[in-house]
Amino acid sequence: MVSESMSADAEQPFLQIDNMTKRFGHFTALDQISLQIHSGEFVCFLGPSGCGKTTLLRAIAGLDIQDEGRVTMNGRDVSLAPPADRDFGIVFQSYALFPNLTVAANVGYGLVNQRWPQRRIAERVAELLALVGLPEQGEKYPVQLSGGQQQRVALARALATSPGLLLLDEPLSALDARVRLRLREEIRDLQRRLGVTTIMVTHDQEEALTMADRIVVMNHGVIEQIGTPNEVYARPATAFVADFVGTMSFFEGTLTASNQLTVAGIDLACDDDRGLSAGTRVTVGLRPEEVRVRDVAPDQPNTLQVRVEDLEYLGAFCRARLRTIAGDVPILADFSANLMRDMQITLDRTLTVALPASSLHVFATPIDELTAEEAA
Amino acid sequence: MSVTATRQPTPDISRRRASLRPSENLVAGALVALLCVFLLISIAFPLYALLSKSVLNARGEFVGLANFAAYFANPILVTSLFNSLFIAALSTVIVIPLAFTYAYALTRTCMPAKPLFYALALLPLFAPSLMSALSLVYIFGNQGFLRWMLFGNTIYGPIGIVIAQVTYTFPHAVLILVTALGLSDGRLYEVADALGTSKTRIFRTVTLPGAQYGLISAAFVVFTLVITDFGIPKVIGGQYNVLATDVYRAVVGQQNFEMGAVVGMILLVPAVLAYSVDRIVNRRQVALLSARAVPYQPAPKKARDLGFVVYCLVVAFLVAAALGVAVWASFIQYWPYNLSFTTANYNFPRFEPNGWNPYFTSVKMAALASIIGTVVIFTGAYVIEKTKAFPMARGFAHFLAMLPVAVPGLVLGLGYVFFFNAPWNPLNIFYATLTILVVNTITHFFTVSHITALTALKQIDREFESVSASLKVPFWNTFRRVTVPICLPSILDIAVYLFINAMTTVSAVIFLYGAQTKLASISIVHMDEAGFIAAAAAMATMIVATSIAVKVLHILLDRFFLARFQFWRRR
């Protein structure tokens, strides 16, 4: 396998998934998923619980074989191969460390089986423990370690056999907030240094945004969008992605002409109407931080009068609930402490705000369908 | 960069490993298949043999329900049915309140010496059921020192059966009720108290509803144990016929296999019913307690605690006496005329053609059943729970493993007679051998052990197998290096459970032993039949002593050995 990967065409993806479908009874967990992952990439599967991200990871690992579809790893078809025939290491949310074995024995678990000589195993284990920042801890048992330390051991164990692919199944979810932040950086750093292709499953958008090279956003067993963190955040492909990654206010609108739309009688310009024809009912999305207050003249395009209805103090900034004077449309806006002071924003004040055309995202899904889904 | 990940393990290693891969499925599949074959032979086919025998006549022709019709047309046999129901109902009505109060004292009071009282209540588990009947013969029998208390009634009959059954089933009921009462939400009591609720109302509205499923379950278990028990009515039933003794007489005495099969089928009814109720009840009991519940902590209260101590002392004394008198009497010269000490009753060759052999056969059988049974059951539970090959076969194996608990020993024994003694069956070479006794005993107590093993296995992280697979370690390595060490306490529990039950069981094996393989418990029945009651008591004492010795050994092992070598369990 090694020689194959060396000689493999650089263009060829390390992992390719074609039309993968997995059903549990009548429930379709994965619906025709296709995906390519390149060598050395860090990819996050992001989505709410039940979206199929873990099912997809387990199918890639061969732990739960898909009903239909193909998995190609390093040019080799492993669709039906058992896990041991695939080249990967895995880390679970529960750590899954063997409690009766020392840290060193846990890390060396896979090496013993490959008939490595004792001395080489010991060297390799020491090397790995140093790598994950736990040198000299080899003689301890898992219960003697903190959650964060246990997860490092699990990581070392997964990397011990130098797998071509590292799978992380919500590795940080069981840890408390501070440890999570630190380990997030460490894992990312480690992955960069080793260059090992990595897939991480998470429901935490912040985790995905900070760690991933590319994010695969999933919902209801289908891929909603694949893109870099910036693409996913700044140009969400669907209203679901916009809502799940970051915060967005949504309004009901209608396209009036090319890149022109109206929301509750207010005419607005947008940069991208997704080629939808005039007259189409659409959902318009706006990120709170895009609402502009400084240097806004009332005669500029896309400006409107709003009243400050509510202010929620969030430390570094305030989230304001605004309501347009004309049309009575609620809008969320984030104002920095600075801005609040400079512009003297207080409750019940009337402001003139601008909504840049580039910040208005048009989605084809009508808003009532969107909210119906949320309710369900 | 030198550190890792530039995939340096040589390709030939991974290729060689890879070529071994399919065998993992093969091994798992073979183990599942073996388990299925074992369970088919040991439980499914014998049960089917019993079922078919009950609808065939002596010449093997299908006669439908004619055997059942003949049974219900026979007034003597129908009387036995009513006798059995009466005895079982009466024993249940007596033992449940007794055991509930006892379990309440153990869980809801601050009475001292709780572990001791708990241990005393469980004593009868270490003896054959008929041991308490032997004691009753000494206390209330024709030469009994308290015979006057019966006001001219005889102990040989319903009175004796019921008293002995109450003793025998008491620990089973206490075990269930202690669990039920132990699963309580202390917050409910605090709320009730805060609302100024009276103690009796709290008992009625919080305690009883919380324990109701345990009560139902215990009642069914006791009823089934009584109706299917053979040893007690055999020893102390006198002329009072019950279903269990009818089966024995029909099969062993009259070779009337068809009638035996009919009674066996009838005995299966309450057992299957109890099993179904227990499964439903268990599901509800678990749902009753939310994950946030805080266990109830009783507060000391002098008068109440003292009252319960007195109650428990009396009950524990009676339970201990029901076994102790037989032990005592086994060392007595000639009851009740010469009460001097003797070991003459242990000179078994005087009373029993096989001498001490039955005892050693029992120990050997129990040891074999314990070792082989533990290996089969734990490995079986592992492949069912943790491997992924052949889901249908694993489901089927689990179904078969859950069957034996619904089959009373007597019925299982009958099934074995019909299946293994059949002339067409090549397996009939095993009839009356130690092999069949071991297989029968393992099967008889399979389900409880299977559940114990499953429970232990379910507590282990289910990703261990996934991790092993990702590290290319075959499952049997993980089984050996991780699963077995983690489950060692449960494995020991299973081994001890099988050993003790193998030592004390009478009902299934009574049909299966041969001249060379007579067991101690059967020898008791024979010596009692021959009138050597003291020798029977002596043999029973040997069984109890052996069972308790094994249990004590188990506790010591658990405390010292496991505590020392399993320090990784604690921080």
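The values are calculated or read from the model by the stated rules, or taken from the named source; none is laboratory data. What you see is a predicted model, and the numbers here were worked out from it, not measured in a lab. So basically every Cβ, Gly included, is an ideal-geometry build from the backbone, and we count neighbours across all protein chains shown. Heavy atoms of the whole protein, side chains included, go into the accessibility calculation; ligands, DNA and RNA do not. Shrake-Rupley method; radii C 1.70, N 1.55, O 1.52, S 1.80 Å.
Distance between the pseudo-spin-label points of B:Ala549 and A:Glu139 (7 Å out from Cα toward the beta carbon): 4.2 nm.
Entry comment: accessible area of the stretch A:225-329 is 48 Å² per residue, from protein heavy atoms only and a probe of 1.4 Å.
A Förster radius of 22 Å combined with the Cβ-Cβ distance from B:Thr101 to B:Glu190 puts the calculated FRET efficiency at roughly 0.40. DSSP beta bridges fully contained in chain A are about 75 percent antiparallel. Close lysine pairs were tallied over chain B: pairs 8 or more places apart or on different chains with Cα atoms under 15 Å apart number 4. Model label sites at A:Glu289 and B:Ala119, defined 7 Å from Cα along the beta-carbon direction, differ in position by 6.8 nm. Residues B:Arg187, A:Arg178, A:Arg184, ordered by accessible area of protein heavy atoms at a 1.4 angstrom probe radius and largest first, appear as A:Arg178, B:Arg187, A:Arg184.
Rolling a 1.4 Å probe over the protein chains gives A:Ile331 an accessible area of about 10 Å². Estimated at 0.36 nm per residue, the fully extended path between A:Ala316 and A:Arg192 surpasses their Cα-Cα distance by 41.5 nm. Converting phi to 3J(HN,Hα) with the Karplus coefficients 6.51, -1.76 and 1.60 and the offset θ = phi - 60°, the stretch A:289-298 yields 6, 8, 6, 9, 10, 6, 6, 10, 9, x Hz in sequence order, with x at every glycine or proline.
Straight-line cross-link reach from A:Lys53 at under 16 Å between alpha-carbon atoms covers these lysines, not counting any fewer than eight positions away in the same chain: A:Lys22. With every protein chain in place and a 1.4 angstrom probe, the accessible-area ranking of B:Arg394, B:Arg559, B:Arg147, largest first, reads B:Arg559, B:Arg147, B:Arg394.
For B:Phe464, B:Phe317, give me the order by solvent-accessible area with a 1.4 Å probe, most accessible first, ignoring ligands, DNA and RNA.
The ordering from most to least exposed comes out as B:Phe317, B:Phe464.
For the stretch B:67-329, a/c is not less than 1.5, where a ≥ b ≥ c are the root eigenvalues of the C-alpha gyration tensor, and a/b does not top b/c. That puts it in the oblate class.
If R0 is taken as 60 Å, the Cβ-Cβ distance between A:Ser258 and A:Thr346 corresponds to a FRET efficiency of 0.90.
State the extension gain, in nm to one decimal, for the chain segment bounded by A:Thr28 and A:Ala234, taking 0.36 nm per residue of separation less the distance between their alpha-carbons.
71.2 nm
GNM remark for chain A: springs join alpha carbons under 10 Å apart, and the peak mean-square fluctuation among A:Glu290, A:Glu127, A:Glu139 falls on A:Glu139.
Near A:Gln260, the amide H atoms lying under 5 Å from its own belong to A:Cys270; only residues 5 or more places off or on other chains count, and H is placed 1.01 Å from N. Here r is the Cβ-Cβ distance between B:Ala563 and B:Val310 and R0 is 60 Å; the resulting FRET efficiency, rounded to 0.05, is 0.95.
Take every Cα pair under 8 Å whose residues are at least 6 apart in sequence, average their separation, divide by the length of chain A, and the relative contact order is 14 percent.
Evaluating 6.51 cos²θ - 1.76 cosθ + 1.60 at θ = phi - 60° for every residue in the stretch A:165-170, the Karplus couplings come out as 9, 10, 10, 10, 9, 6 Hz, glycine and proline recorded as x. Take the accessible area of B alone and of A alone, subtract that of the pair with a 1.4 Å probe, and the total buried over both chains is about 4000 Å².
Taking the longest Cα principal axis of chain A as reference, the axis of helix A:147-159 is set at about 60 degrees. Look at where the Cα atoms of the stretch B:514-571 and of the stretch B:27-77 average out, and the two centres are 32 Å apart.
As a fraction of the 1.4 Å probe accessible area of the stretch B:67-329, surface on carbon and sulfur atoms comes out at 69 percent.
Other residues lying with their Cβ under 15 Å from the Cβ of B:Val309 contribute a combined charge of +4, Lys and Arg counting +1, Asp and Glu -1.
Top mean-square fluctuation among A:Val232, A:Val132, A:Val143, Gaussian network model of chain A, C-alpha springs under 10 Å? In this elastic network of chain A, the residue with the biggest mean-square fluctuation among A:Val232, A:Val132, A:Val143 is A:Val143.
A simple charge model with +1 on the Cβ of Lys and Arg, -1 on the Cβ of Asp and Glu and nothing else charged puts the dipole of the stretch B:421-542 at about 360 debye relative to its Cα centre. Residues of the stretch B:448-476 that lose at least 20 Å² of accessible area (1.4 Å probe, protein heavy atoms only) when the other protein chains are present, relative to their chain alone, are B:Asp461, B:Glu463, B:Phe464, B:Ser466, B:Val467, B:Ala469, B:Ser470, B:Leu471, B:Lys472, B:Val473. For the stretch B:67-329, the solvent-accessible area of protein heavy atoms averages 45 Å² per residue (probe radius 1.4 Å; ligands and nucleic acids excluded).
Filter chain B for me: DSSP H helices, axial length by Cα at least 27 angstrom, mean Kyte-Doolittle hydropathy not below 0.0. List them by residue number.
Those that pass (Cα extent of 27 Å or more, hydropathy at least 0.0) are B:11-39, B:75-108, B:158-182, B:208-228, B:257-288, B:302-330, B:357-386, B:484-504, B:533-556.
Taking label points 7 Å from Cα along the Cα-to-Cβ direction, A:Asp77 and B:Met149 give a separation of 8.2 nm.
Full extension of the chain between B:Thr79 and B:Asn428 gives 122.1 nm of extra length, using 0.36 nm per residue less the Cα-Cα distance. Assuming a ≥ b ≥ c are the square roots of the Cα gyration tensor eigenvalues, decide whether the protein assembly as shown counts as rounded (a/c under 1.5), prolate (otherwise, with a/b larger than b/c) or oblate. Prolate, because a/c is 1.5 or more and a/b exceeds b/c.
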